[in-house]
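The values are calculated or read from the model by the stated rules, or taken from the named source; none is laboratory data. In this text, all values refer to a predicted model and were calculated from it rather than measured experimentally. Cβ coordinates were reconstructed from backbone atoms using ideal geometry, including for glycine residues, and neighbour counts include every protein chain displayed. Keep in mind that these areas ignore ligands, DNA and RNA; they rest on the heavy atoms of the full protein, side chains included. Shrake-Rupley method; radii C 1.70, N 1.55, O 1.52, S 1.80 Å.
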Amino acid sequence: MENKYAYEYLKERLALNSGNTAASLILKRMVSQLNFDPFLSETVSDEKLLQGDGTHEIDEALNGFIENYLNPSLKFLSDPFLISGMEKAVGRITKAILDDESICIYGDYDVDGITSTSFLVSFLRELRKIIKPGGPDSCIFYKLPDRIKDGYGLGIEPIDEISGFINKNAEKPLSLLITVDLGITNTAEAAYAASKNIDVIICDHHEVPVNGEEEILPQCFAVLNPKRKGDRFPFKFLPGVGIAFNLGIALRKHLVMEGLITSYPNLKDYLDIVCLGIIADIVPMYGDNRTLTYYGLKILNENPRPGIRELKRICGLHFDNINESDVAWKIAPKINAAGRVGNPAIAVELLTQNDRKTAYDLAQEMESLNRKRQMLEDVCFNEAVNIIEEKKKIEEKAPIIIIKGDSWHPGVIGIVSSKLADFMQKPVLILTGYKNEVYIGSARSCGDADIYAFLKNYEAFFAKFGGHKMACGLTVRKGKDAENFISAVTEDFPAGENGGAGTGYTAAGRSVSESKPAYDEEINLGLLSDDELSGVIKRMSPYGPLNEQPRFLIRNITLLDISRKEFRNKNSKKNNFSNCYFTLNIKESSENKNAKHKAMMFNRHNKPLENMLKINGSGETGENKNKIDVNGIVVEFYNGYLKILNLIS
């Protein structure tokens, strides 16, 4: 580690010794976060010591880093006014509220965009009632593009639609447009809005386009994006809803300092919305993201708003122990379904709804859309798997799996690419020819692979392109552009070149994938019942990228009572590697140790458990076949079970 002083300081503060598994887990997560974060890494670098400034600044930064990890607190959130353009943005929004201007929030159709829109619409409406209690009833509007008709980003046609609607139905024409979770690449569209006398404030977290060393920014009133060059905001990995929330913090502070409000909304009450977007967007789960998620989950469990309460109900989440996994796998897909196969405005209406009866009806509508999404997803998934199996030998050598279909719904290819990336342990790009003239593409990364950096090398082939390290969207014209793009990737990585998951690939100097350790600590089975370890595992949550669930290697294990289970949806994922999972018990192989632990294991690509565990397809086995000794297992905790990630035979 380059920051040797920081490492030793963390080690001393965490009282790490050779037998302290709990402290070792925390140290590993904190070190990985510190090394990943450009601001933190520079602040506590050994070079600072060589500059002769002493250790005071480094110690102060490390103490705050440690304290916020062990005891997350909103007081550690970064100053929103450090984001370039923030003062200008809050001044313009304040003027718009005071002058009863018509304001439109324009957000993306995914969970991050939907929650960003829902937060800002609710917060601005609440602020406006305080500042202008006797003003017009409706000055705050919102717009989300249609995934099929409009596509991703700020569009000229949607601008015309919403400005026409507002000009017809409001007292004043649209004069301020605030984008959330999009806009950083929409230079022409921002200029078009300006030509219609509409000021544009862009709030986006996606990578800023560059031409050589020069940034290509839309010419608009303000651009809020911590990834801009020279931006002083220390935490660079907020999702769109995180930037919207920081705009809310700054706006409230500005209004208080100007004496425009004496009573004001409690921003903490909005964190149930905010945490949904953070978790769903799979951004690094440390720093500001982890703090906001930590408090958001508390509110979500204790006293969520009516819309989220109804979402919990239709997800079968009736208790107060909902965690980030429940949000990612149960709640977020319901919200996403509205933007994927329906109208994303339904989700915004649900999240901003105060009437419980209306919230109930909207939740039922979203559940119906989710069932439609599942059906379309199953079709895409099964067909994609068949394509992979047909050209398996070719794909094994490529750094990215590219799958092309003619009619898959664009709203589900992102989910399918994410699932396939997990199963295949390799980045996946799915292209669908749903539209006549173009392929719409959605890519998802795996592990440490930087899918944005990799695909950016081929940007010349794309009509549209954007995203970040873990996910990208693109559009490529059918015919030569699509064929040449796929050929270029194939030529850069010809068959026979060494490849596979966990291998480092480089294209035009960009790393595509890096290997990761298979486990964090080697322990014995009995330590899983240790109160200190259990407490630390709980304290380390919420989990996510760069703050992953701890993984443990346990040696000399016997697998018992193995039972094969089918997924509930019997039409889903038929005849492929992900159509089942297994429940079992595990114990240490030593004869005098009989304590059992419940476990489960999902199927993985090229490792069907029917073969690995030597049981037949029905799950009905003889005693000898249903008791198997293995040299070791790699596990993590999962909903009261130990989830087996790998077997060492």
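Mind putting a number on the dipole of the chain about its Cα centre? Charges go on the C-beta only, +1 for Lys and Arg and -1 for Asp and Glu, and I need it in Debye to the nearest 20.
Here the chain has a charge dipole of around 1700 debye.
Can you tell me the length gained on complete extension of the stretch residue 47 to residue 75, counting 0.36 nm per residue apart and subtracting the Cα distance?
Contour length minus the Cα-Cα distance gives 7.2 nm.
5 Å is the cut-off here: which amide hydrogens, built 1.01 Å from N in the peptide plane, fall below it relative to residue 401, excluding neighbours closer than 5 in sequence?
Distant-sequence amide H within range of residue 401: 428, 429.
Per residue, how much accessible area does the chain show when a 1.4 Å probe rolls over the protein heavy atoms, in square angstrom?
For the chain, the solvent-accessible area averages 44 Å² per residue.
Looking at the square roots a ≥ b ≥ c of the eigenvalues of the Cα gyration tensor of the stretch 301-375, which shape do they give, rounded for a/c under 1.5, prolate if a/b is larger than b/c, or oblate?
Verdict is oblate for the stretch 301-375.
In whole Hz, with x marking every Gly and Pro, tabulate ³J(HN,Hα) for the stretch 329-337 from phi via Karplus 6.51 cos²θ - 1.76 cosθ + 1.60, θ = phi - 60°.
9, 10, 6, 4, x, 5, 5, 4, 4
Once ligands and nucleic acids are excluded and a 1.4 Å probe is used, how much of residue 540 is accessible, expressed in Å² to the nearest 10?
So the heavy atoms of residue 540 present about 0 Å² to solvent.
Taking 23 Å as the cut-off for C-alpha to C-alpha distance, list the pairs among 28/598; 312/372; 11/469 that go past it.
Long pairs (Cα-Cα over 23 Å): 28/598; 11/469.
What are the ³J(HN,Hα) couplings of the stretch 459-476, residue after residue, when phi is run through the Karplus curve with 6.51, -1.76, 1.60 and θ = phi - 60°? Round to Hz, x for glycine and proline.
4, 4, 7, 9, 7, 9, 7, x, x, 8, 4, 8, 8, 9, x, 8, 10, 9
Kindly give Rg over Rh for the stretch 275-411, based on alpha-carbon atoms, with the Kirkwood expression for the hydrodynamic radius.
For the stretch 275-411, the value is 1.06.
Which aspartates and glutamates does residue 143 reach when only Cα atoms under 14 Å apart count, and residues fewer than 8 places away in its own chain are ignored?
108, 110, 157, 160, 161, 181, 349
Suppose we keep just the DSSP beta bridges with both residues in the chain; what percent of those would be antiparallel, to 5?
65 percent
Which of the aspartates and glutamates could a cross-linker span from residue 478 if the Cα-Cα distance has to be under 18 Å and same-chain partners fewer than 8 positions apart are dropped?
406, 437, 459
So, with a 1.4 angstrom probe, what is the percent of accessible area on the chain that is carbon and sulfur?
47 percent
Per-residue ellipticity at 222 nm for the chain, helices alone: DSSP H runs ≥ 4 residues times -39500 (n - 2.57), over residue total, nearest 500 deg cm²/dmol?
The per-residue figure over the chain is -12500 deg cm²/dmol.
Would you mind checking which residues have amide H under 5 Å from residue 638's amide H? H placed 1.01 Å from N; only 5 or more apart, or other chain.
643
Please report the net charge: other residues with Cβ closer than 14 Å to the Cβ of residue 641, K and R +1, D and E -1.
Within the 14 Å Cβ shell, the charges total +2.
How high is the relative contact order of the chain? Use alpha-carbon pairs under 8 Å, at least six apart in sequence, and give a whole percent.
10 percent
Please list the radius of gyration and Dmax for the chain, considering alpha-carbon atoms only, with Å as the unit.
Reported Rg and Dmax, both Å: 25.5, 81.
Skipping prolines and chain starts, which residues have an amide H placed within reach, meaning under 5 Å, of the one on residue 174, given they are 5 or more residues away or on another chain?
Residues meeting the amide H criterion: 167.
Counting alpha carbon pairs within less than 8 Å and at least 6 residues apart, what relative contact order, in whole percent, applies to the stretch 79-216?
For the stretch 79-216, the relative contact order is 26 percent.
Determine the relative contact order of the stretch 173-309: mean sequence separation of Cα pairs under 8 Å and six or more apart, normalised by residue count, in whole percent.
Relative contact order, the stretch 173-309: 19 percent.
Ordering 589, 138 from largest to smallest accessible area (1.4 angstrom probe), what's the sequence?
Of 589, 138, the descending order of accessible area is 138, 589.
With each pseudo-label sitting 7 Å past Cα toward Cβ, what's the residue 319-residue 555 distance in nm, one decimal?
That separation, rounded to one decimal, is 3.6 nm.
Got a sec to turn the phi values of the stretch 217-228 into Karplus ³J(HN,Hα) couplings, 6.51 cos²θ - 1.76 cosθ + 1.60 with θ = phi - 60°, whole Hz, x for Gly and Pro?
10, x, 7, 9, 5, 7, 10, 9, 7, x, 8, 5
Give me the dipole magnitude in Debye, nearest 20, for the stretch 27-136 about the Cα centre, with unit charges on the beta carbon: positive for Lys and Arg, negative for Asp and Glu.
640 debye
Starting from the Cα-Cα distance between residue 529 and residue 590, subtract it from 0.36 nm times their residue separation and give me the gain in nm to one decimal.
20.2 nm
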